[in-house]
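A quick write-up on the structure given underneath.
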Amino acid sequence: MIVISGLQFKTIMFFIFASYYSNMKLKLFIIALLTSPIMAVAQKAGPERDWTNAVLWQQYSGEYRALAFQAYNFAKLSLKEALWENQNGKPNCVIVDADETIIDNSRFQGYEIKNGVSYVPAHWTAWTSKVMADTVPGALSFLKFAASKNVETFYVTNRDAADRAATMENLKKLGFPYVDEAHLLTKTTTSDKQERRNKILEKYNVLLLCGDNLSDFSNVFYREGKDTKQQVDAHQQLFGTKFIVLPNPMYGDWEKLLYKEGKFNEEEKAKQRLDKLKSY
Ligand SMILES: [Mg+2]
């Protein structure tokens, strides 16, 4: 769809009049002027364009790195405090998510944008099997610090069985501690992580959790049909202490809030996003 503002319309009309009486050069200029908005819109077409800025922000901004460091600096402080205060006789551990919490998949997102798609499962498997995801800033240092205090790490991720071997290889290659069969909990029959968290809680004292998605901490935020913002407010004391949140501008359960009225294809999702956009 081409949207032309009132000022643009008047400008175009002025040049149309002018061209009626003028020379060929001016006519060519007017044609260029008339076609330029069409070209601009044509280049922007496609829902995949929506998160280009989000991916670029993760890949290039200093703020992304700073926020990741900030999160893990808080994690370190909280861990030290919890080691003093929260002992229950069980061995200590932290629970971390993988994608966008300790490893960066923005190159996969970049690949999907360049290929004009939003998410193709086969592309995801191809990406994970390349074992080239890099660390999220601060993550490795924090988990090594935890290991130095005999705090184990459990990796609770919704990567599935098909990605398991490559994921383990990737985490080992980057030097993350406790990467073994017992500590890597990939997706089972459900993407709901509560069951896996409960299993860990049976045997371990969980000092804190790290994630880029609120469902990495608890089901109350997105999975129980409650008001997300109200739940975040109700749990505000836990953020930066027990729940360490990493920035992920690219994807997450928050998107479910935009599409919860039904199942949509990419084109419909793009329309939903525009419809949901708050303006004034
Ligand atoms: Mg994640």
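The values are calculated or read from the model by the stated rules, or taken from the named source; none is laboratory data. Source: prediction; values computed, not measured. As a convention, Cβ positions derive from the backbone with ideal geometry for all residues, glycine included, and neighbour counts pool all protein chains shown.
Side notes on the structure shown:
- Filtered residue count, segment 208-222, keeping only those that are over 15 Å from Y155 (Cα atoms) and within 12 Å of the ligand (Cβ to nearest atom): 1
- Within segment 216-244, tally of residues that are among the charged types (D, E, K, R), part of a helix (DSSP H, G or I) and surrounded by fewer than 16 Cβ atoms within 10 Å (Cβ to Cβ): 2
- Of the candidates T167, T188, the single residue that is farther than 14 Å from I95 by Cα, among the β-branched types (V, I, T) and at pLDDT below 95 is T188.
- Filter result for V179 (in contact with a Leu (Cβ under 7 Å, 6 or more places away or on another chain), under 28 Å from Q236 (Cα atoms) and of a type outside the set (S, T, N, Q)): no
- Out of L207, L201, one residue alone is farther than 25 Å from Y251 by Cβ, in a strand (DSSP E or B) and not β-branched (V, I, T). It is L207.
- Every residue from segment 114-162 that is assigned to a loop (DSSP other than H, G, I, E, B), of a type in the set (S, T, N, Q) and under 28 Å from K199 (Cα atoms): N150, T157, N158
- Pairs with Cβ under 8 Å, 6+ apart, first in segment 258-275 and touching a residue at least 40 places away in the same chain (Cβ under 8 Å) and among the acidic types (D, E), second surrounded by 10 or more Cβ atoms within 10 Å (Cβ to Cβ) and part of a helix (DSSP H, G or I): E266/P47; E266/E48; E267/P47
- Residue in segment 130-142 that is exposed (fewer than 15 other Cβ atoms within 10 Å of the Cβ), within 30 Å of N265 (Cβ to Cβ) and out of contact with any strand residue (DSSP E or B) (no Cβ under 8 Å at 6 or more places or on another chain) present: yes
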